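Report on one structure; see the data block that follows.
Every read-out reported here was derived from the displayed coordinates using simple, explicitly stated rules and does not represent laboratory data. In this text, all values refer to a predicted model and were calculated from it rather than measured experimentally.
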Amino acid sequence: MSGLLHSVRIPLLVLLYQGLVVVANVGFKRSAESTTATAFLAWQVLGNLAGFLSVLTYTALLRWLPVHVAVGLTMGLGFASVQVFTAWLIFHEPIGWSKWLGTALVVLGITLIAGGR
């Protein structure tokens, strides 16, 4: 079992990081849209907690990855996750073809960086 966990730890940490970044951005967007102080603070707490947990996840990735690969996998894919999941799927914000192309190029670049580690 530990062999399986060992082989999937990096993908799992990257996936966890992406989920936390999406949750943080949803929290901050909802906070910005809040009409009451209580709702504003509640969404801020959620966003900041998810952000803090994403930093801990990134730190864990640094145990097994060089910085240049960890940054690409987290920050680059974080951009793509926020663009697709947060903006488009959750908030239904329009994303034009040029932004889709840019997102695809970011993901391609990250794939090339991670593949060359």
Provide the per-residue ³J(HN,Hα) series for segment 83-92, in order, calculated from phi with Karplus coefficients 6.51, -1.76, 1.60 and θ = phi - 60°, each as a whole number of Hz, with x at glycine and proline positions.
-> 4, 7, 7, 6, 5, 7, 7, 8, 9, 6
Quick one: compute the contact order of the chain, relative version, from alpha carbon pairs under 8 angstrom and 6+ residues apart, as a percent.
-> 28 percent
Which percent of the Cα-Cα distances in the chain go past 26 Å?
-> 28 percent
Computed helical MRE - 222 nm, the chain, DSSP H runs ≥ 4 contributing -39500 (n - 2.57), nearest 500 = -24500 deg cm²/dmol
Computed over the chain: longest principal axis from alpha-carbon atoms vs helix 37-61 long axis, angle to nearest 10 degrees, is 10 degrees
Taking square-rooted eigenvalues a ≥ b ≥ c of the alpha carbon gyration tensor, is segment 49-117 rounded, prolate or oblate, where a/c under 1.5 means rounded and, failing that, a/b exceeding b/c means prolate?
-> oblate
Round to the nearest 10 and give me the degree value, 0 to 90, for the angle of helix 97-115's Cα axis relative to the longest principal axis of the chain.
-> 30 degrees
Against the longest principal axis of the chain, how steep is helix 2-33, in degrees 0 to 90 to the nearest 10, with axes from Cα atoms?
-> 20 degrees
Whole-Å semi-axes of segment 7-65's equivalent ellipsoid, largest first, each the root of 5 times a Cα gyration tensor eigenvalue?
-> 28, 9, 6
If one computes the Cα centroid of segment 96-117 and of segment 11-66, what distance in Å separates the two points?
-> 22 Å
Residue with peak Gaussian network fluctuation, the chain [Cα springs, cutoff 10 Å], from Leu56, Leu77, Leu20 = Leu56
